[in-house]
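Following: one structure in structure tokens, then a few remarks.
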Amino acid sequence: MVPSQEIKNKDIGMAKSIVACLLCLTTWSASALAGTIVPTSEKDGQLWRYTVDKPSDDWREGDIESINRWSRSRAQDWQKRYRWLCGFNYIPSNAISYTEMWMGYSFDPNRIDAELALAEDVGFNCLRVVLPYVVWEAEPKVFKDRLSRFLSICDKRRIKVMFTLFDDCIFGPISDPVFGRQPDVVEGWYANGWTPSPGHSMVRDRTKWPKLESYVRDIIDTFKDDPRVFCWDLYNEPTNGGLGNVSIPLVEQVFQWARRTNPTQPLTVAIWNGNGNLNDMIVRHSDIITFHSYGNAEALEAAVKNVQRYARPIICTEWLNRPGSSTVEKSVPVFRRYNIGCMHWGLVNGKTQTDLPWGHRPGDPEPKVWQHDLYRQDLTPYDPEEIRIFKDQIRKAELNRKRQEQTD
């Protein structure tokens, strides 16, 4: 989730923690993808766009042998086990943050099942969900039991799961989450109770990293052979929330900790901005290539072409920004054309208020269209035509897969 480039004057206090993040969206140099990322104005409907240059001649696949990244052939074999991956980022409508989603007072299997039944009806086959370190720290066994129950619900609905272990994003005043009851909703404030994982203080304090290693290795080791988990997204949008390059050493450590557990699922971190140092490291370590794209179809297609050079499976793990022209109608055909997995942001609108645009505050004008999410809280579609498009594209992808199997 990328914050809005527009910071409201009345939010100057909180804006200081976001400004540093926004600087990385406007002061890039050459990208790690060996292409050039060019800042554009938000009115263009893009947070960034890519221009494709020739790959760097000094980058070689062999450069990463020492870190035990999967070979290209192993990654491609993994992809063959799955249908076209089409899904969503999931947080239940009753949770203001991922911390609240997994707290005992709010973890609601019945609600989760009802919401995922909508996804099953559409034909979605995968989802992505962030795990909060703070809940594992307080009650690791109970937390893992909830994860297992969640996986069972997803399996019932024929949905594979991508777990995300860390997240730097903040959209309100919380930079260090607390175990316990979470804040109330502030009407009109986009994701006011959002919490990062593990929290910005722990990211900065290397003396706390052994605890983070225990978390990473415990969670992955528990589910490393579980067929319900199809991928590990180790860190969502590192350097976001004002942390800047402080996060980069931790990201590399997380890759190393995860490798030591030797999971049967691939490891990845998504490319989401123009930080060359970060993206160089992500590409070196990731078994499959993932990225975020909230721009229009042209920007999406350019981004896809830019990462195709790595000859690895590709998934766009965040998209859908209707005001910015990242729409179901325009984006889904691009994903299908290039056989790129896609996971849009949001299923059922709820306490996170992600129908609002990034940076929205109480008293701001109501948006003309929703930014994220497909369903209202009463479980009716926001736009039935979007549901029809998803169903049609998923059906066509499955027919193509079956035809290809018959000819092979």
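Nothing in this text is a laboratory measurement; each read-out follows from the coordinates by a stated rule. This one's a predicted model, so the numbers in the text were calculated from it and none came from an experiment. A quick note on method: Cβ atoms are made from the backbone with ideal geometry, for glycine too, and the neighbour counts reach across all protein chains shown.
Taking max minus min of the alpha-carbon positions on each principal axis, the stretch 249-349 gives extents of 42, 32, 25 Å, largest first. Stretched out straight at 0.36 nm per residue, the stretch from Lys305 to Asp155 would grow longer than its current Cα-Cα span by 50.7 nm.
Over 24 Å between Cα atoms: which of Lys80/Lys160; Lys211/Lys351; Lys141/Lys224; Lys160/Lys396 fall into that group?
Correct reply: Lys211/Lys351.
Taking only the Cα atoms of the stretch 361-405, the ratio Rg/Rh comes out at 1.24, with Rh defined as the Kirkwood radius. A simple spin-label model places the labels of Arg388 and Asp113 3.2 nm from each other, with each point 7 Å out along Cα-to-Cβ.
Tell me the relative contact order for the stretch 309-383 as a rounded percent, counting alpha carbon contacts under 8 Å between residues six or more apart.
Numbers: 90 pairs, mean separation 23.4, N = 75.
After rounding, I find 31 percent.
Listed values for the stretch 263-271 are Karplus-derived 3J(HN,Hα) couplings in whole Hz (6.51 cos²θ - 1.76 cosθ + 1.60, θ = phi - 60°), namely x, 7, 9, x, 9, 7, 9, 7, 6, and x replaces Gly and Pro. Debye-formula intensities of the stretch 164-225, expressed as log10 I(q)/I(0) at q = 0.18 Å⁻¹, are -0.74 (one equal scatterer per alpha-carbon, no solvent). Considering the stretch 207-297 at the alpha-carbon level, its Rg and Dmax are found to be 13.6, 44 Å.
The stretch between Gln406 and Asn277, if pulled fully straight at 0.36 nm per residue, gains 42.0 nm over its current Cα-Cα span. Each residue of the stretch 248-256 is assigned a 3J(HN,Hα), and the resulting list reads 4, x, 5, 4, 5, 5, 4, 4, 5 Hz, derived from the Karplus form 6.51 cos²θ - 1.76 cosθ + 1.60 (θ = phi - 60°), x at Gly and Pro.
Using Cα pairs under 8 angstrom and six or more residues apart, how large is the relative contact order of the stretch 275-406, in percent?
It comes to 20 percent, rounded to a whole number.
With all pairs of different C-alpha atoms in the average, the Kirkwood value for the hydrodynamic radius of the stretch 315-355 is 11.0 Å. For the stretch 273-408, the alpha carbon positions stretch 55, 42, 24 Å along the principal axes, listed from largest to smallest.
Taking other Cβ atoms within 10 Å as a rough exposure proxy, Asp218, Asp168 sort from fewest to most as Asp218, Asp168.
Listed values for the stretch 157-167 are Karplus-derived 3J(HN,Hα) couplings in whole Hz (6.51 cos²θ - 1.76 cosθ + 1.60, θ = phi - 60°), namely 8, 6, 10, 7, 10, 10, 7, 10, 8, 9, 7, and x replaces Gly and Pro.
Please report Rg over Rh for the stretch 313-390, where both radii come from the alpha carbon positions and Rh follows the Kirkwood definition.
On the way: Rg = 13.2 Å, Rh = 13.4 Å.
When Rh is taken as the Kirkwood radius, the ratio is 0.99.
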